[in-house]
Amino acid sequence: MTAQKAAVRNVLASSGIRPALALLNDRTQYRYTAIYKLSGDALRAAHVFDRASEYRTWLKAVPLDKSFCQHAIAQGEFTTGHVSKDQSLVNYRPYVGLVESYYGRLLTRDSGAPYGTFIHFDLEPRSIDAKEVAFLQEVTPMFLDYLD
């Protein structure tokens with residue numbers, strides 16, 4: 001296990017989910033890092049880290065069929081760096097100003113049932129490095145041991 005992966009595991013075990021989200025957020029330029037739980041036809045914020053410490057009410061719940069997370073759930077992973085310029089996301093224009101960049105990974109329980117998503121997102125255009133994506137593929141499953 002790499003030292004960075006061990007650090008995430010240690011923070012989860014000793015301090016919990018939010019400090020571990022903060023650790024992963026610090027590795028990126030994204031403002032928000034969160035875990036959303038799938039609940040029927042909606043996703044609910046289970047844990048959110050906001051770099052600016054201004055938790056916003058519009059982050060609490062999102063209809064699944066209007067979310068970027070629906071793509072992460074369907075494909076296992078989804079990213080867009082600039083929603084307002086991404087022609088494939090023309091139906092998501094109402095999110096412009098709320099979410100401009102998104103990276104999400106499906107979190108799946110051992111049973112195969114989806115828990116929800118691990119996501120980074122921002123109000124500004126952002127991108128995520130391929131090495132960081134590979135790292136997240138390794139560490140995000142660790143969170144499932146700490147989720148209800």
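The values are calculated or read from the model by the stated rules, or taken from the named source; none is laboratory data. Since the model is a prediction, treat every value here as computed from it, not as a measurement. Positions of Cβ are generated from backbone atoms using ideal geometry, with glycine treated the same way; all protein chains shown enter the neighbour counts. Side chains are part of the model used for accessible areas, which takes the heavy atoms of the whole protein and leaves out ligands, DNA and RNA. Shrake-Rupley method; radii C 1.70, N 1.55, O 1.52, S 1.80 Å.
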From phi via Karplus (6.51, -1.76, 1.60), per-residue ³J(HN,Hα) for segment 19-33 in Hz, x at Gly/Pro: x, 5, 5, 4, 4, 5, 4, 5, 7, 10, 9, 5, 6, 10, 9
Inverse mean reciprocal Cα-Cα distance (Kirkwood Rh) of segment 59-148, Å: 13.7 Å
For the chain, calculated [θ]222 nm from helices alone, where every DSSP H run of n ≥ 4 adds -39500 (n - 2.57): -7500 deg cm²/dmol
Accessible surface, segment 16-148, averaged per residue in Å² (probe 1.4 Å): 49 Å²
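Can you pull a Stokes-Einstein diffusion coefficient for segment 16-72 at 10 °C (1.306 mPa s), Rh from Kirkwood over Cα pairs, as a whole number of µm²/s? Kindly include the intermediate steps, with their values, before the conclusion.
On the way: Rh = 11.9 Å.
Answer from the Stokes-Einstein relation: 133 µm²/s.
Could I get the Rg over Rh figure for segment 1-48? Both from C-alpha atoms, Rh via Kirkwood, rounded to two places.
Numbers: Rg = 12.4 Å, Rh = 11.8 Å.
Checking Rg against Rh, the ratio lands at 1.06.
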Segment 41-86 - Rg (one decimal) and Dmax (whole number), Cα, Å: 12.1, 31
Nonlocal amide H pairs with residue 115, under 5 Å, H built at 1.01 Å: 107, 108, 109
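Given a Förster distance of 30 angstrom, what is the FRET efficiency for residue 2 paired with residue 147, based on the Cβ-Cβ distance and rounded to 0.05? Before the final figure, lay out each step's value.
Working: r = 23 Å, r/R0 = 0.76.
It comes out at approximately 0.85.
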Debye equation applied to the C-alpha atoms of segment 10-125, log10 I(q)/I(0) at 0.13 Å⁻¹: -0.47
Total charge dipole magnitude, the chain, about the Cα centre, Cβ charges on Lys, Arg, Asp, Glu only, Debye to nearest 20: 160 debye
